[in-house]
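Heads up, the thing below is written out as structure tokens.
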Amino acid sequence: MRTGSKGEPMELPKYLDLHMHTTASDGTDTPETIVSRAEEAGLELFSVTDHDEILCGTAVPALLSPGSPRFIPGAEFSCRDEEGQYHILGYGFDPEAQAIRDVVAHGHQLRMRKAAARLDFIRMEFGFTFRGEDVRELMGNRNPGKPHIANLMVRYGYADSKDEAIRLYLNKVDFKNEYIRPEEAIRGILDSGGVPVLAHPPFGSGGELITGEALDERVRRLMASGLEGVEAYYSAFSRKQRAEMLAVADRYGLYVTAGSDYHGANKKVALGDTGLPDAAEWADGLYRFLERVLEA
């Protein structure tokens, strides 16, 4: 048993998943369903990290019962700067804090612009049109993204599957794609009492893989803006990628997190599939992260 910063024994959870999505972004499970799924999976700790959204930070605690797993607020911000694209996870922040709400509002604004631009593009380029009520329903989502539009395209017969709609049509959209800058997301998380973490660090834009010195430099650059951790246990990592991320975390004294990136039916990833070994083999950075967020 570990001891916290106050010297008191801490019983840390052994079964956890800190990266999942609901209908508040691009998952298919409602907040109510995600709580049930977390209980069914035997998780002891979970965090919902919807894209550019913190709704579950307040919605999920109200759904928990005495037998439910522990929960920490989370979010995943889609970011880009001159050097590339990043997904910045935030954990343990105050979801009522203005700093995090400002980042969410900015992200929502950009997502709505992108959704409208994608609809315009596929209409003009491919002649794909939708009934007004379906467009209103789509744009009524808190954060409409490519999966929402792709599913609508499948309903209309414009594509045979969601993946095909994205690959053949939506990924060809040509417009100025605006993003939150990583330093903006990191600062909003820190100023709200949270921990900023780089999600699945080896994965960049599209199929880009980042390794070696490029990965190391990317992490160092984000650390200069306040990054405190990396997602080193992740469902899609190979053993080599996991080992590289654990080495980076150890080299710079960073926190470590573990997540599946579960999206319900929108992604073939099982809840709780994080690649975590037995607790006795966990990286020290994960223990330190849990002590930090569970003592807060």
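Every number in this text was worked out from the coordinates using simple rules, so none of it is lab data. From a predicted model like this one, the values you see are computed outputs, not experimental measurements. Please note: Cβ atoms are built from the backbone with ideal geometry, for glycine as well, and neighbour counts cover all protein chains shown.
Determine the dipole magnitude for the chain: charges of +1 sit on the beta-carbon of Lys and Arg, -1 on that of Asp and Glu, nothing else is charged, the reference point is the Cα centre, and the result goes in debye to the nearest 20. Let's see the in-between values first.
On the way: 34 positive and 47 negative charges, 122 e Å.
Here the chain has a charge dipole of around 580 debye.
Restricting the count to DSSP beta bridges whose residues both fall in the chain, what percent are antiparallel, rounded to a multiple of 5? Working shown, then result.
Values: 15 of 29 bridges.
Approximately 50 percent, going by the DSSP bridge assignments.
Would you please give the residues with an amide H less than 5 Å from that of Tyr255, counting only those at least 5 places away or on a separate chain, with H modeled from the backbone geometry?
Gly229, Val230
What FRET efficiency comes out for the pair Glu82/Tyr252, r = Cβ-Cβ distance, R0 = 22 Å, nearest 0.05? Let's see the in-between values first.
Numbers: r = 22 Å, r/R0 = 1.02.
E between Glu82 and Tyr252, to the nearest 0.05, is 0.45.
Determine the calculated [θ] at 222 nm for the chain from helices alone, applying -39500 (n - 2.57) to every DSSP H run no shorter than 4 residues and normalising by the residue count; nearest 500 deg cm²/dmol. Provide the component values of the computation, followed by the final result.
Details: 10 runs with 117 residues, N = 296.
It lands at -12000 deg cm²/dmol.
Between Phe126 and His108, what is the label-to-label distance in nm when each label sits 7 Å out along the Cα-to-Cβ direction?
A separation of 2.9 nm, rounded to one decimal place.
Mind sorting Ile180, Ile54 by how few other Cβ atoms lie within 10 Å of their own Cβ, fewest first? Don't skip to the end; give the middle numbers.
Values: Ile180 22, Ile54 25.
The order, fewest Cβ neighbours first, is Ile180, Ile54.
Would you give the gap between the C-alpha center of the stretch 114-145 and the C-alpha center of the stretch 254-270, rounded to a whole Å?
If we compute the Cα centre of each part, the gap is 27 Å.
Report the residues of the stretch 138-181 in range of a label on Arg221: point 7 Å along Cα→C-beta, backbone N strictly under 15 Å from it.
Counting backbone N atoms under 15 Å from the label point, the list is 181.
Using the count of nearby Cβ atoms within 10 Å as a rough guide to exposure, how do His19, His87 rank from fewest to most? Each step should come with its number before you reach the end.
On the way: His19 28, His87 22.
The order, fewest Cβ neighbours first, is His87, His19.
Which percent, to the nearest 5, of DSSP beta bridges fully inside the stretch 31-156 are antiparallel? Intermediate values should be presented prior to the final figure.
On the way: 8 of 11 bridges.
In the stretch 31-156, approximately 75 percent of DSSP beta bridges are antiparallel ones.
Take Thr274, Thr28 and order them by how many other Cβ atoms sit within 10 Å, fewest up front. Write down the numbers at each step before the final one.
Working: Thr274 23, Thr28 16.
By the 10 Å Cβ count, ascending: Thr28, Thr274.
Report, to two decimal places, the Cα Rg of the chain normalised by 2.2 N^0.38 Å (N = number of residues).
1.00
Subtract the Cα-Cα distance of Arg239 and Leu209 from 0.36 nm times their separation in residues, and report this length gain in nm to one decimal. Show your work: numbers first, answer last.
Details: separation 30, 0.36 × 30 = 10.80 nm, distance 1.48 nm.
Roughly 9.3 nm would be gained on extension.
Set the Förster distance to 35 Å, then compute FRET efficiency between Tyr287 and Glu32 from the Cβ-Cβ distance, nearest 0.05.
Working: r = 31 Å, r/R0 = 0.89.
Calculated value: 0.65.
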